[in-house]
Structures are given as C-alpha cells and as structure tokens.
1. Consider Leu130 carefully, then state whether it is closer than 29 Å to Arg206 by Cα and within 12 Å of the ligand (Cβ to nearest atom).
2. Scan the range 182-238 for residues that are of a type in the set (Asp, Glu) and over 20 Å from Phe140 (Cα atoms) and jot them down.
3. Which members of the range 194-238 meet the condition of being of a type outside the set (S, T, N, Q), touching a residue at least 60 places away in the same chain (Cβ under 8 Å) and assigned to a helix (DSSP H, G or I)?
4. Has the range 53-69 got at least one residue that is touching a Lys or Arg at 6+ places or on another chain (Cβ under 9 Å) and assigned to a loop (DSSP other than H, G, I, E, B)?
5. Out of the residues in the range 39-62 that are among the hydrophobic types (A, V, I, L, M, F, W, C) and either away from the ligand (no atom under 16 Å from the Cβ) or surrounded by 22 or more Cβ atoms within 10 Å (Cβ to Cβ) (or both), state the one that is farthest from Ala157 (Cα to Cα).
6. Only residues that are surrounded by fewer than 24 Cβ atoms within 10 Å (Cβ to Cβ) and either of a type outside the set (Gly, Ala, Ser) or within 11 Å of Val158 (Cα to Cα) (or both): list them for the range 197-208, please.
7. Might you check whether a residue that is in a loop (DSSP other than H, G, I, E, B), under 29 Å from Val63 (Cβ atoms), within 13 Å of the chain's Cα centre (by Cα) and free of Cβ contacts under 8 Å to residues at least 60 places away in the same chain occurs anywhere in the range 152-166?
8. Could you identify the single residue in Ser23, Ser65, Ser36, Ser69 that is surrounded by fewer than 20 Cβ atoms within 10 Å (Cβ to Cβ), small (Gly, Ala, Ser) and within 12 Å of the ligand (Cβ to nearest atom)?
Amino acid sequence: MSQPVYHRVVVKISGEYLAGDQSFGIHQPTIDRVASDLIEAQHRGVEVAVVVGGGNIFRGVEVSSRGVSRPTGDTMGMLATVMNCLALEAAIERRGVSARTLSSMVMPQVCELFTRATAHRYLSERRIVLLAGGTGNPYFTTDTTAVLRAAEIGAQAVLKATNVDGVYSADPKKDPTARRFDRLTHSQALEGGYKVMDATAFALARDTSLPIIVFSIAEPGSVGAILSGGGRGTIVAG
Ligand code: UDP
C-alpha cells in the first residue's frame, strides 16, 4: 500500500449517491460500500472528515415553488444531511471503527455540535468525523460546506466524490464529445461554469488555496487510490 500524500482530508459524498439506483432515500448496500471505502482510507493513516449531502431526501430549492419558503426548505434539506450522517455513522461503527457525527445545528439528543476543537480532537483520536447540517445556513450547499470545513480544520484537500471520473466540459452521459480535464485552476473551474460543484464552493477553495479532487466513488477503493496520489480524477488547484 503506497504512502498517503495527505494527512487530513474532507471527503464530500452527495446524498444522491447514497440513494444508489433508487430515486429516493438510502440504499443500504451503497452506504455500506462507502463506509468500507472511508475505513480503508483511514487505515492508510489519513484523518478523514466527511461532509454528506441530503439530495436523496430533500433539497430546499424543490419546495420553494410549492409555497414553502426557501429558508424553511433549506432547513429541511440540512436536516436530511443529518439523517444520512447517522446512517453512515452506523455503517462505519458496525465495521468496528469509531465515527462521530458533528452537526452545524444544535440537536443535543442527536449528536454534538460542530466546533473546530471537537473535530480536531476526534480526528486525532483516529475517529471518522461526519459533518452534518451543512453550513447551518440556508442558500448554501454541502459542496460549499465541504470547502468551508476543510479550511477551518486545516485539511489539505477536499475529495469530491461523484458518479464520474472528473470534471468534463459537458455532461459525458449526454454529450459524447465531452472532454475530461486532468487539471484545472480554481479560476478556470469558475469561468467554465462546470456543473460538478457550485461557484461559491470553487470561489472559497480559490480564496483559501484548497485543492479539490473530483473523482468517481463508483469504483471500490477509489478514495484510497486518490489519497495515495493515484486514481483517476481532476485536480482543481492553483
Ligand atoms: N443546505 C443548506 N445549507 C447548507 C447545506 C445544505 O440550506 O449549508 C440544504 C439545501 O436545501 C440543499 C440540501 O440542504 O439542497 C441538501 O444539500 P445538497 O443539495 O448540497 O446535497 P447533495 O446535492 O450533496 O446531495
């Protein structure tokens, strides 16, 4: 097993990915596989924090057209991320590895509140830390949360797990002429308007000089491969 090139990372898993081939909810075999991948990454000696999305359960923007205000819808979306984190926490712990969910919103009966100090402590105790509740604010995404938390906790990179093996000039599932990039600067990613991450996330990563690696988590072991400086993905940096 080759040496990891990072000491601490934030992995971003979209809620949609956790639905597997279902259109809604949590697909248990998928979440079990993701748990195994994260554990394998941690066994390489890397401190692993994970931001989980909520799109498999709820997205605020979808209800704003149905008479629910956007901030309320977004709060529902943030709560969906908490459910996903609890499911992932359970899947990790079932495999004998300690995990802790830290939320941006106060919910003492459910999990602890995110603070930098708590995240640092759990990561240095070799626990996988699951970051729930997005930023705690409406109008943001969990991609932006991943970059924000990575900057706050001193992670060296954000690993953005998707269904495709990098950033493409167009959707490769719809456009056969779509070109894949090995490397992009943050400014190129912003100017290109690539759908893989929102502009706020790219802009914050640029301002905090944080590399983002976009890769496909569909291949088992892909997180570990990226951590060793291999694997296939697009590096957005510089
Ligand atoms: N959300 C929010 N603020 C945040 C993060 C998330 O309001 O800081 C809400 C928003 O409604 C979003 C939903 O939570 O649509 C789920 O997050 P996201 O869409 O990023 O999940 P993913 O696409 O990764 O599944």
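Bear in mind these aren't lab numbers, they're just calculated from the coordinates by the rules spelled out. The shown structure was predicted, so the numbers you read here are calculated from the model rather than taken from an experiment. Cβ sites come from the backbone with ideal geometry, for glycine too, and all protein chains shown count toward neighbours.
1. no
2. Hits for the range 182-238 are Asp182, Glu219.
3. Within the range 194-238, Ala201, Leu204, Val223, Gly224, Ile226, Leu227 qualify.
4. Yes, that holds for at least one residue.
5. In this case the residue turns out to be Ile39.
6. Asp198, Thr200, Leu204, Arg206, Asp207, Thr208
7. no
8. The unique qualifying residue is Ser69.
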